[in-house]
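See structure below.
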Amino acid sequence: MFTNLIQAEVLDLAENEIIEIKREAFTDLAYVFLNLSHNRISKFEKDAFKNCINITVLDLSHNHIKNFTKGTFDEFTFPTELRLEFNQFQSLGDIPFKSFTGIKTLNVSYNDLMEVPKNTFPKLYELHTVDLSHNNISKIHPAIFTSLFSLRLLDLR
């Protein structure tokens, strides 16, 4: 669908009626601000994002996302900033952080999060800003943030 847009700066698909991201919908993107906010996205097919090297911002805010299908993102795809606010996540375990080794900023505010499970943030050494505000978090596992060596801002309001 959107292939070979290498070196694009902004791909803005916000405020449409997108409900599903199909397989290989986003392929071979590099250094792009991908705005999919304010849609009705609730489903991702496997390999929806393929070889998207260092998406500068992946904005999936204001959708109906509860989780990601296993394999939504391949091992070469990761955002530097991930915006998931105003969705329907109940667990941070539903976000594939193992794939997002270069992530620096994460916003999962205004969801239905109830806990921060064990091993939520594996080897995310560059993650410096985490916004988990305005959720229903009642349980945070011990030492969950100790591996975040670059952490500067943690918002749990």
**OP:** May I ask you to list the residues in region 34-57 that are outside any loop (DSSP other than H, G, I, E, B) and either within 13 Å of the chain's Cα centre (by Cα) or within 10 Å of N87 (Cβ to Cβ) (or both)?
**Re:** L34, N35, F44, F49, I55, T56, V57
**OP:** Report whether or not S42 is buried (at least 21 other Cβ atoms within 10 Å of the Cβ), small (G, A, S) and at pLDDT 90 or above.
**Re:** no
Subject >> Unique match (being of a type in the set (D, E), surrounded by fewer than 17 Cβ atoms within 10 Å (Cβ to Cβ) and either touching an Asp or Glu at 6+ places or on another chain (Cβ under 6 Å) or over 21 Å from A14 (Cβ atoms) (or both)) among E126, E115 >> reply: E126
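Can you work out which of the residues in region 80-100 that are among the polar types (S, T, N, Q) and under 12 Å from the mean Cα position of the chain (by Cα) is modelled with the highest pLDDT? Spell out how you get there, then give the answer.
Narrowing region 80-100 to residues among the polar types (S, T, N, Q): 80, 87-88, 90-91, 99.
From what is left, the residues that are under 12 Å from the mean Cα position of the chain (by Cα) are 80, 87, 99.
On the way: T80: 93, N87: 98, S99: 77.
The qualifying residue modelled with the highest pLDDT is N87.
Select from region 58-79 the residues that are in a strand (DSSP E or B) and under 9 Å from the mean Cα position of the chain (by Cα) and write down the one among them that is nearest to F33 (Cα to Cα).
Of region 58-79, the ones in a strand (DSSP E or B) are 58-59, 73, 79.
Adding the requirement that they be under 9 Å from the mean Cα position of the chain (by Cα) leaves 58-59, 79.
Details: L58: 6, D59: 8, P79: 9 Å.
Restricting to residues being in a strand (DSSP E or B) and under 9 Å from the mean Cα position of the chain (by Cα), the top hit is L58.
The values are calculated or read from the model by the stated rules, or taken from the named source; none is laboratory data. Here the structure is a predicted model, which means the values were calculated and not measured. Virtual Cβ from ideal backbone geometry, glycine too; neighbours counted across all protein chains shown.
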